[in-house]
Amino acid sequence: MSGALDGVVAAVTGASSGIGEATARALAAEGAAVALLARRRDRLEDLARELGEATTVHEVDVTDGAAVAAAVADVVARHGRLDVLVNNAGYGSMTPAAEADLAEWRTMVDVNVGGVLATTHAALGPLTDAATGGRGVADVVTISSVAGRKVSGPAVNVYAATKHAVGAFSEALRQEFAPRHVRIGLVEPGLVRSELTEGNGALGEVGELGVMEAADIADAVVYMVTRPRRVAVNEILIRPIEQTR
Ligand SMILES: NC(=O)c1ccc[n+]([C@@H]2O[C@H](COP(=O)([O-])OP(=O)(O)OC[C@H]3O[C@@H](n4cnc5c(N)ncnc54)[C@H](OP(=O)(O)O)[C@@H]3O)[C@@H](O)[C@H]2O)c1
């Protein structure tokens, strides 16, 4: 533990598995008190036990705006502040449009876009307060995707659309909040081994150099939020070494 985030309060959505869980671990390892948000309370409680008593559990569905507002208010009430928001909760199904289920498309929009909007909306006030307080800076990091930069094939249709949307939203937020010292960052991973990619077939036949681990993405988040306050790392595009698209 370096202690680079001692005294910092971070909230991570989708902390019950994959990149969110790894990010919560990595932030806690740097000294942050971490608020864990997701629907699977049992998973969050297991992680909170591992990370220690500074960790809090907030069972919430990010598609429910009122519940998200209440959860973020609870984070601030229990920790006294909020310095870092990691918008990580997400869902992706990769199906050609001709065979796609409209409900799957809606879920991707509701979680990947609606969830980011709801959480960010609820957190901007406390983050702005934190940026004007002791640390002098606050952070929103959103886990987008390579698919938020380019459309790598027809099956990424709606998933890519949702990730492009959060990219556009983040750039507008960056312009608005730069003068208030709330840094807005996007991490754009290529293929990562997780429940998401084990479930949607994206892992296919890739070898060990064709896929990253969740901890690799957590490293990128920690890098962003531990820069000196004069530095805002706006985007990190990160692929496994053998990923060509
Ligand atoms: N894996 C990749 O290759 C890859 C690449 C680029 C970007 N990403 C992005 O990385 C992020 C994390 O994905 P992952 O790969 O780590 O997948 P994952 O292991 O499936 O994790 C997804 C997380 O999102 C949470 N979540 C989903 N729907 C939710 C909802 N309605 N309300 C609250 N939480 C919800 C899940 O928690 P609960 O089910 O407990 O609610 C889970 O913790 C996503 O935004 C994804 O698009 C992944």
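The values are calculated or read from the model by the stated rules, or taken from the named source; none is laboratory data. What you see is a predicted model; the values in this text were computed from it and never measured. No Cβ is skipped: glycine too gets one built from the backbone with ideal geometry, and neighbour counts run over all protein chains shown. Side chains are part of the model used for accessible areas, which takes the heavy atoms of the whole protein and leaves out ligands, DNA and RNA. Shrake-Rupley method; radii C 1.70, N 1.55, O 1.52, S 1.80 Å.
For the reader, a short list of remarks on this structure follows.
- For segment 9-238, averaging the sequence separation of C-alpha pairs within contact (under 8 Å, six or more residues apart) and dividing by the residue count gives a relative contact order of 20 percent.
- Each peptide in 137-143, 224-230, 121-127 receives the mean, over its residues, of other Cβ atoms within 10 Å, and ordering these scores from highest gives 137-143, 121-127, 224-230.
- Per the Debye calculation on the chain with a single equal scatterer at every Cα and no solvent contribution, log₁₀ I(q)/I(0) for q = 0.08, 0.12, 0.16 Å⁻¹ amounts to -0.27, -0.63, -1.14.
- 222 nm mean residue ellipticity, helices alone, for the chain (DSSP H n ≥ 4; -39,500 (n - 2.57); rounded to 500): -13000 deg cm²/dmol
- Extension gain (nm, one decimal) between GLU104 and GLU213, 0.36 nm per residue minus Cα-Cα: 36.7 nm
- Based on protein heavy atoms only, segment 9-238 ends up with 43 Å² per residue of surface accessible to a 1.4 Å probe.
- Protection proxy ranking, highest mean first, for peptides 28-38, 234-244: 28-38, 234-244, where packing is the per-residue count of other beta-carbon atoms within 10 Å, averaged.
- At an R0 of 22 angstrom, the distance between the Cβ atoms of LYS150 and LEU203 translates into a FRET efficiency of 0.65.
- In this label model, ARG229 and HIS121 are separated by 3.0 nm, measuring between points 7 Å along each Cα→Cβ vector.
- Modelled this way, with points 7 Å down the Cα-to-C-beta line, the labels at ARG180 and ARG41 are 3.2 nm from one another.
- Remark: spin-label model distance GLU59-THR128 equals 3.3 nm, labels positioned 7 Å along the Cα→Cβ axis.
- Potential lengthening of the chain between ALA97 and GLU171 amounts to 23.8 nm, from the contour at 0.36 nm per residue minus the alpha-carbon distance.
- The angle between the Cα long axis of helix 65-79 and the longest principal axis of the Cα atoms of the chain comes to about 40 degrees, rounded to the nearest 10.
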